[in-house]
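The values are calculated or read from the model by the stated rules, or taken from the named source; none is laboratory data. None of these values were measured; they are calculated from a predicted model. Every residue, glycine as well, gets a Cβ built from its backbone with ideal geometry; the counts of neighbours run over all protein chains shown.
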């Protein structure tokens, strides 16, 4: 029997993420690592059973069992937990953190918590999304296994009793009550170092790195969830500062609709959201990473800034299909058509990011130069149609232009004495006047484009960022229109696709649910703000991870996992809701509109 059929995919609700900054793995309730790309995020997968490819690394109890699991506080160290007919088994698992650029170390420690533990271990590594064969494995004199697949080299410690079968290396392990057993897997696309990693040393270093890397975040309304969100964002952020939008590809937003995308790249917008969230939570490491990556891309590309890049700052590869079954309801796809798009709001979000860093004294000379380039790009390109935040057909999207207004005003306000401030203020006034003349609905709210009168939940964001004051009639009318036209049970949809009921077109959009919480908070509606926060905070999987959308009818996660911008907005909302709303509202009411 193949590993693909032995370890079928689960509902997204059931997966946990292991990540070290350079790559990430999804692990299911059966102890199977169903997804892992190496050496980095956008490279081919060596375990791809999530989307129907061969390849898996599983530790599963023998006999009957019920799964569970949890993250150790403030880390991405996961504890798979199984209640069996004979006792309790745990498997403590992590990618050694922080990760190396070209080599991953996956640590798995099996523990017989209560009773004797009987587990089955399977290692079947298949490069190229499961399409490359695994060469005949070799066990050396010390009991360490060596194997190759495609351009990957793997080394596996702790599995000396394993035997080579058609389904890969397999072993049956028995642990007496209280015993533990370590398995250490290395994978690289270059020769592995001669020295073997020691499990105890790698565990200690990883624990210490997570303790140093995740701040307490006690000044938030939900410190535990804020820390988990921060740890997730940190796990998705590479040593070069780039944060991937998600760890996966091809997980459908809606079954059989064709909306399958590859999000294993760095979106400028998403990275800027994460940096602003880190600034709000007073967590400078992720703020600095975002400023560095976005600044470098602007310095390199200026007004031709792409919406997304690889974590190495290279162009996103074009989109094409894999010949795999795909996740149920979807199909397999890698690359992304975003490389062909212009998204104006990226410049506005970059300016908001730089302004947040400037207010905290963390903007260096290179980033200031990048900010000047972003201002120039807005002035040069704001009249062009763009794909917008939802990456649709090029049009004069209202959200894109108002995001630039917000970014220009934020940068002017963060450094009022600098020569650039006057330029920013004048340009912001020009953009706001132009969009006000074309894109205000007769009912007073911002409409999606000059010729599309519908409301869009993304239009909540520019006012939150300071494009307009909190008490501007357009701000309040937009919030009321979103509340009245796009919401259900304290979840919100992005916009109406057509005349169908909202839930039939797509899932509720969790990013926008947190925007609703922030918008109600800005208006001083604290009960409503907290209600929105709690409702959307609860739309996570069993591990606490969030996908892009939440299917209200089926109570399921939809889209790629974990979706970074949802975790960023959870973190920011948890920090903002702990503040006095008048602290920001009164400041914004003094601004020009």
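Things worth noting here:
- Within the stretch 337-378, the set of residues being surrounded by fewer than 24 Cβ atoms within 10 Å (Cβ to Cβ), in contact with a strand residue (DSSP E or B) (Cβ under 6 Å, 6 or more places away or on another chain) and modelled with pLDDT of 95 or more comprises just one member, 342.
- In the stretch 463-483, the residues that are without any contact (Cβ under 8 Å) to a residue 60 or more places away in the chain form Cβ pairs under 6 Å with partners that are surrounded by fewer than 24 Cβ atoms within 10 Å (Cβ to Cβ) and not in a helix (DSSP H, G or I), at six or more places apart or across chains, as follows: 473/444; 477/444.
- Any chance residue 483 is under 25 Å from residue 397 (Cα atoms), out of contact with any helix residue (DSSP H, G or I) (no Cβ under 6 Å at 6 or more places or on another chain) and not in a strand (DSSP E or B): yes
- Test: residue in the stretch 326-346 that is assigned by TED's automatic domain parsing to the domain that holds residue 292, in a loop (DSSP other than H, G, I, E, B), over 24 Å from the mean Cα position of the chain (by Cα) and under 26 Å from residue 420 (Cα atoms): no
- Top-ranked residue of the stretch 147-161 - restricted to ones that are free of Cβ contacts under 8 Å to residues at least 24 places away in the same chain and assigned to a loop (DSSP other than H, G, I, E, B), ranked as farthest from residue 185 (Cα to Cα): 161
- Residue check, residue 155 at pLDDT below 95 and either over 29 Å from residue 22 (Cα atoms) or touching a strand residue (DSSP E or B) at 6+ places or on another chain (Cβ under 9 Å) (or both): no
- Flag if residue 117 is more than 32 Å from the chain's Cα centre (by Cα), in the same structural domain as residue 36 (by TED's automatic domain parsing) and farther than 24 Å from residue 45 by Cβ: yes
- Every condition in (1) crowded, with 20+ Cβ neighbours inside 10 Å; (2) part of a loop (DSSP other than H, G, I, E, B) holds for residue 521 except the one numbered (2).
- Residue ID - farthest from residue 427 (Cα to Cα), chosen from residues in the stretch 306-322 that are in contact (Cβ under 8 Å) with a residue 40 or more places away in the chain and surrounded by fewer than 17 Cβ atoms within 10 Å (Cβ to Cβ): 319
- Residue 131 being at pLDDT 95 or above and either under 25 Å from residue 149 (Cα atoms) or touching a helix residue (DSSP H, G or I) at 6+ places or on another chain (Cβ under 9 Å) (or both): no
- Within the stretch 118-146, residues that are free of Cβ contacts under 8 Å to residues at least 12 places away in the same chain sit with their Cβ atoms under 7 Å from residues that are crowded, with 17+ Cβ neighbours inside 10 Å, at 6+ positions apart or across chains, in these pairs: 146/137; 146/155.
- For the stretch 181-202, a tally of residues being out of contact with any strand residue (DSSP E or B) (no Cβ under 6 Å at 6 or more places or on another chain) and in a helix (DSSP H, G or I) returns 2.
- Any chance residue 58 is outside the structural domain of residue 311 (by TED's automatic domain parsing), in a loop (DSSP other than H, G, I, E, B) and over 22 Å from the mean Cα position of the chain (by Cα): no
- Test for residue 417: is it under 23 Å from residue 371 (Cα atoms) and in contact (Cβ under 8 Å) with a residue 12 or more places away in the chain: no
- Verdict on residue 115 being modelled with pLDDT of 95 or more, out of contact with any strand residue (DSSP E or B) (no Cβ under 8 Å at 6 or more places or on another chain) and on the phi > 0 side of the Ramachandran plot: no
- Residue among 177, 161 that alone is in contact with a strand residue (DSSP E or B) (Cβ under 6 Å, 6 or more places away or on another chain) and modelled with pLDDT under 95: 161
- Matching residues in the stretch 494-518 - criterion: being outside any helix (DSSP H, G or I), crowded, with 24+ Cβ neighbours inside 10 Å and touching a helix residue (DSSP H, G or I) at 6+ places or on another chain (Cβ under 7 Å): 509
- Only listed residue being touching a residue at least 40 places away in the same chain (Cβ under 8 Å) and surrounded by fewer than 22 Cβ atoms within 10 Å (Cβ to Cβ), chosen from 63, 31, 55: 63
- Checklist (1) in contact with a helix residue (DSSP H, G or I) (Cβ under 7 Å, 6 or more places away or on another chain); (2) assigned to a helix (DSSP H, G or I); (3) more than 26 Å from residue 75 (Cβ to Cβ) applied to residue 474, failing item: (1)
- Test for residue 76: is it over 16 Å from residue 30 (Cα atoms) and modelled with pLDDT of 95 or more: yes
- Some residue of the stretch 70-88 being part of a strand (DSSP E or B), more than 21 Å from residue 200 (Cβ to Cβ), in contact (Cβ under 8 Å) with a residue 60 or more places away in the chain and more than 26 Å from the chain's Cα centre (by Cα): yes
- Which numbered condition residue 442 misses (of (1) in contact (Cβ under 8 Å) with a residue 12 or more places away in the chain; (2) in a loop (DSSP other than H, G, I, E, B)): (1)
- So residue 429, is it surrounded by fewer than 16 Cβ atoms within 10 Å (Cβ to Cβ), part of a loop (DSSP other than H, G, I, E, B), assigned by TED's automatic domain parsing to the domain that holds residue 375 and modelled with pLDDT of 95 or more: no
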